[in-house]
Amino acid sequence: MRKTLKYVDAPVTTGRWHTLRVEFAGKRIVVMLDGKAAIDLEDAHISGPGAVGVWTKADSVTAFDDFQLRVRP
């Protein structure tokens, strides 16, 4: 089940690549878009390690390249 934690209006330029970075530390979630903080919040819905995925809306054209997951000890 998908749950929206926070919605931000973050327009992106079409036809060019963008960098999306998400960091999780305990309850803290930080989302960076092209090096700028877009979301910074705390949420307890994710209580431990798990899976990672991406989701886009049906009316968008989206491509992902160089998708990486790094787990720090």
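The values are calculated or read from the model by the stated rules, or taken from the named source; none is laboratory data. Fair warning: this is a prediction, and the values are worked out from it, not measured in the lab. Glycine also receives a Cβ, built like all others from the backbone with ideal geometry; neighbour counts cover every protein chain displayed. The area values use the complete protein model at the heavy-atom level, side chains included, leaving out ligands, DNA and RNA. Shrake-Rupley method; radii C 1.70, N 1.55, O 1.52, S 1.80 Å.
Mind checking which lysines have their Cα closer than 18 Å to the Cα of K36? Skip sequence neighbours fewer than 8 apart in that chain. Straight-line reach from K36, under 18 Å: K6. Summarise the accessible area of the chain (1.4 Å probe, protein heavy atoms) by the percent that is carbon and sulfur. Percent of accessible area from carbon and sulfur atoms in the chain: 54. Result for the chain in a Gaussian network model with C-alpha springs under 10 Å: among K57, K36, K27, the largest mean-square fluctuation is at K57.
For segment 33-41, the Karplus equation 6.51 cos²θ - 1.76 cosθ + 1.60, evaluated at θ = phi - 60°, returns couplings of 10, 6, x, 10, 5, 10, 9, 9, 8 Hz by residue, with Gly and Pro reported as x.
Between the amide H of I39 and those of V31, distances stay under 5 Å, these residues lying 5 or more places away or on another chain, with hydrogens modeled in the peptide plane. Hey, with R₀ at 22 Å, roughly what FRET efficiency would A25 and S47 work out to, going by the Cβ-Cβ distance, to 0.05? Calculated value: 0.95. Other residues whose C-beta falls under 15 angstrom from the C-beta of T56 contribute a net charge of 0, scoring Lys and Arg +1 and Asp and Glu -1.
When the Cα gyration tensor is reduced to axis lengths a ≥ b ≥ c, the ratio a/c is 1.5 or higher for the chain, and with a/b above b/c it is classed as prolate.
Backbone phi angles across segment 65-72, fed through the Karplus curve with coefficients 6.51, -1.76 and 1.60 (θ = phi - 60°), yield HN-Hα couplings of 9, 6, 5, 10, 10, 10, 10, 9 Hz in residue order; Gly and Pro are listed as x. In the full protein context, the chain carries 96 Å² of accessible surface per residue, based on a 1.4 Å probe and ignoring ligands, DNA and RNA.
Couplings for segment 23-32, taken from phi via the Karplus curve 6.51 cos²θ - 1.76 cosθ + 1.60 with θ = phi - 60°, read 10, 10, 9, x, 8, 7, 10, 10, 10, 10 Hz in order; Gly and Pro are left as x.
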